[in-house]
Amino acid sequence: MVSYHNHRAEPLGFVTDRKLPQETHEEYLIRRFTKHRKWIQEAIANIERANALWRYRRQQAKRMKNNYKKGDLVLVHYVNRRKLDPFFLGPLRIVKVEFNTVSLEDPETGEMMDRNIHKKNIVPYFS
């Protein structure tokens, strides 16, 4: 049987005899990451573009899309609907507009709704 572990180690003089150029930590980092610089810049640009897009979407979501006026006809989102009930109630006429709520009445009977409705729960009625 031949043992491969009984060989004699060679001296490491060939490694220590050469003078290796000494570089600073900054030079090492520049050398190491110069190849990846373009990729890193593209990644940063993509992240900044995505952040700007989502910032814009958040601002648009905060803003009410429709400026409702007194007398406009709207439909109200029916929250407690059952399977065969309609999705929207209406058309109803706006009587009073506050910051983000509206007071509504039935245009046929003139009966007022018992509570104010938030603007996010109404959509314009196009006849």
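We did not get these values from a lab; they are worked out from the coordinates using the rules stated. Quick caveat, the model's predicted, so the values are computed rather than measured. We place every Cβ from the backbone using ideal geometry, glycine too, and count neighbours over all the protein chains shown.
Tabulated results
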{"item": "Distant-in-sequence amide H partners of Phe88 (H built 1.01 Å from N, under 5 Å)", "result": "Tyr78"}
{"item": "Relative contact order (%) - segment 41-108, alpha-carbon pairs under 8 angstrom, separation at least six", "result": "22 percent"}
{"item": "Contour minus Cα-Cα distance for Lys38 and Phe87 (0.36 nm per residue)", "result": "12.5 nm"}
{"item": "Segment 46-120, dipole about Cα centre (Lys/Arg Cβ +1, Asp/Glu Cβ -1), debye to the nearest 20", "result": "660 debye"}
{"item": "Derived scalar couplings ³J(HN,Hα) [segment 55-60; Karplus, 6.51 cos²θ - 1.76 cosθ + 1.60; whole Hz; x for Gly, Pro]", "result": "4, 5, 5, 5, 5, 5"}
{"item": "Isotropically averaged projected area of segment 64-127, using the convex hull of Cα atoms (one quarter of hull area), nm²", "result": "4.7 nm²"}
